[in-house]
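> Here it is: the structure, laid out below.
The values are calculated or read from the model by the stated rules, or taken from the named source; none is laboratory data. Note that the structure is predicted; figures quoted are calculated from it, not measured. Methodologically, a virtual Cβ is constructed for each residue, glycine included, from the backbone with ideal geometry; neighbour enumeration extends over all protein chains shown. Surface areas here come from the heavy atoms of the whole protein model, side chains and all, with no ligands, DNA or RNA. Shrake-Rupley method; radii C 1.70, N 1.55, O 1.52, S 1.80 Å.
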Amino acid sequence: MEILGIDVGGSGIKGAPVNTETGMILVDRHRIKTPEGAETGPVAEVIAEIAHHFNWTGSIGVGFPAPIKHGVVKMAANISPAWVGMNANELLGQVTGCPVTVVNDADAAGLAEITFGAGKGVRGVVIMVTLGTGIGTAIFCDGKLLPNAEFGHVEVDGRDAETRASDAARQREELSWKKYAKRLNRYFKEMQKLFWPDLIILGGGISKYHEKYLPLLTVETPIVPAQFLNEAGIVGAALAARQA
Ligand code: BGC
């Protein structure tokens with residue numbers, strides 16, 4: 001089955017048709033800059049534009065940077081607060097004219113990795129961590145997702161973790177890879193203490209530079225880069241729509 005997967009990120013909104021049987025992206029993805037402030041109308045317009053770009057008339061899955069319950073946005077950390085309480089399935093269904101399933105972006109990325117990527121066949125507890133504008137987390141036990149886990153906001157040394165260890169924090173503070181690895185190490189140690197996972201999978205745009213910081217981490221839990229790198233979100237959003 002072919003489903004259009006769309007990933008709404010802090011800097012870009014990207015989409016591509018995905019074969020949900022193989023996890024393959026079928027044609028080059030289309031990326032549009034995220035509108036300033038990520039307000040509801042402009043983001044919806046960009047999503048409609050991506051659907052239009054592919055002349056899409058079928059199902060669409062959207063990975064969204066917020067906890068989502070039955071299509072409703074529950075919280076806004078890095079998007080406009082106007083999204084909170086909004087039924088994103090309905091809004092995006094209206095603007096695209098297609099059936100739309102919206103899920104949390106890290107849950108989507110994790111779904112792609114657990115089904116086809118670095119977490120495939122791994123038993124026990126697997127945590128997907130996406131490092132971008134925020135920190136997204138998805139927790140799996142024996143391949144089954146616990147949805148909307150918001151452990152990017154776990155408090156570490158009195159601070160919301162994503163304000164210190166997201167890729168946005170690295171860029172904002174112009175941290176060297178060594179300094180950034182120290183912050184990541186602190187965050188992963190906290191996650192290890194709370195969950196004792198069997199595997200941590202690292203996603204987000206920064207996962208393609210993993211050789212710069214992964215070797216510097218000293219956490220006992222094995223940490224591997226996402227096999228889909230930053231495209232896990234697109235593939236997983238399509239898988240989530242298929243499941244829905
Ligand atoms: C949001 C999460 C999201 C993550 C990554 C966090 O600020 O609260 O829902 O998964 O950013 O985008």
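> If you go through region 188-221 one residue at a time, how many are within 16 Å of the ligand (Cβ to nearest atom) and either among the hydroxyl-bearing types (S, T, Y) or not assigned by TED's automatic domain parsing to the domain that holds D160 (or both)?
Result for region 188-221: 1.
> Conditions first: (1) within 9 Å of the ligand (Cβ to nearest atom); (2) within 20 Å of R172 (Cα to Cα); (3) open to solvent by 20 Å² or more (accessible area, probe 1.4 Å). G152 passes all but one, so which condition is the exception?
The failed condition is (3).
> For region 38-58, check the following and say yes or no: at least one residue is under 19 Å from G132 (Cα atoms), more than 16 Å from the ligand (Cβ to nearest atom) and assigned to a helix (DSSP H, G or I).
No, there is no match, as no residue in region 38-58 is under 19 Å from G132 (Cα atoms), more than 16 Å from the ligand (Cβ to nearest atom) and assigned to a helix (DSSP H, G or I).
> From the list I79, I6, which residue is within 15 Å of the ligand (Cβ to nearest atom), within 16 Å of the chain's Cα centre (by Cα) and farther than 30 Å from D198 by Cα?
The conditions single out I79.
> Could you tell me how many of the residues in region 127-144 are more than 14 Å from the chain's Cα centre (by Cα) and either assigned by TED's automatic domain parsing to the domain that holds A77 or within 16 Å of the ligand (Cβ to nearest atom) (or both)?
Of the residues in region 127-144, the ones more than 14 Å from the chain's Cα centre (by Cα) are 140-144.
Of the ones still in play, those that are also either assigned by TED's automatic domain parsing to the domain that holds A77 or within 16 Å of the ligand (Cβ to nearest atom) (or both) are 140.
So the answer is 1.
> List, please: which pairs have Cβ atoms under 8 Å, are six or more places apart or on different chains, and start with a residue in region 146-163 that is β-branched (V, I, T) and end with one that is within 14 Å of the ligand (Cβ to nearest atom) and open to solvent by 60 Å² or more (accessible area, probe 1.4 Å)?
Correct list of pairs: V156/R164.
> Next question, about the same structure. Hey, does region 130-143 have a residue that's over 14 Å from L239 (Cβ atoms), in contact with a Lys or Arg (Cβ under 8 Å, 6 or more places away or on another chain) and open to solvent by 20 Å² or more (accessible area, probe 1.4 Å)?
yes
> Of the numbered conditions (1) more than 16 Å from the ligand (Cβ to nearest atom); (2) open to solvent by 20 Å² or more (accessible area, probe 1.4 Å); (3) assigned to a helix (DSSP H, G or I), Y180 fails exactly one; give the number of that condition.
(2)
> Can you confirm whether L4 is over 25 Å from E150 (Cα atoms) and surrounded by fewer than 20 Cβ atoms within 10 Å (Cβ to Cβ)? Let's see the steps before the verdict.
Values: over 25 Å from E150 (Cα atoms): yes; surrounded by fewer than 20 Cβ atoms within 10 Å (Cβ to Cβ): no.
So L4 does not fit the description; no.
> Show the residue pairs meeting these rules: Cβ distance below 7 Å; 6+ apart or different chains; first residue within region 70-86 and small (G, A, S) and open to solvent by less than 40 Å² (accessible area, probe 1.4 Å); second residue within 15 Å of the ligand (Cβ to nearest atom) and part of a loop (DSSP other than H, G, I, E, B).
A76/A66; A76/V84
> Is it true that some residue in region 159-168 is closer than 23 Å to F116 by Cβ and open to solvent by less than 20 Å² (accessible area, probe 1.4 Å)?
Taking every residue of region 159-168 in turn, none turns out to be closer than 23 Å to F116 by Cβ and open to solvent by less than 20 Å² (accessible area, probe 1.4 Å).
> Among the residues of region 12-48 satisfying the criterion of being out of contact with any Lys or Arg (no Cβ under 7 Å at 6 or more places or on another chain) and of a type in the set (G, A, S), which is surrounded by the fewest Cβ atoms within 10 Å (Cβ to Cβ)?
Top of the filtered list is G37.
> Next up: Could you identify the single residue in I32, I60 that is among the β-branched types (V, I, T) and over 24 Å from E113 (Cβ atoms)?
Going through I32, I60 in turn, the sole match is I32.
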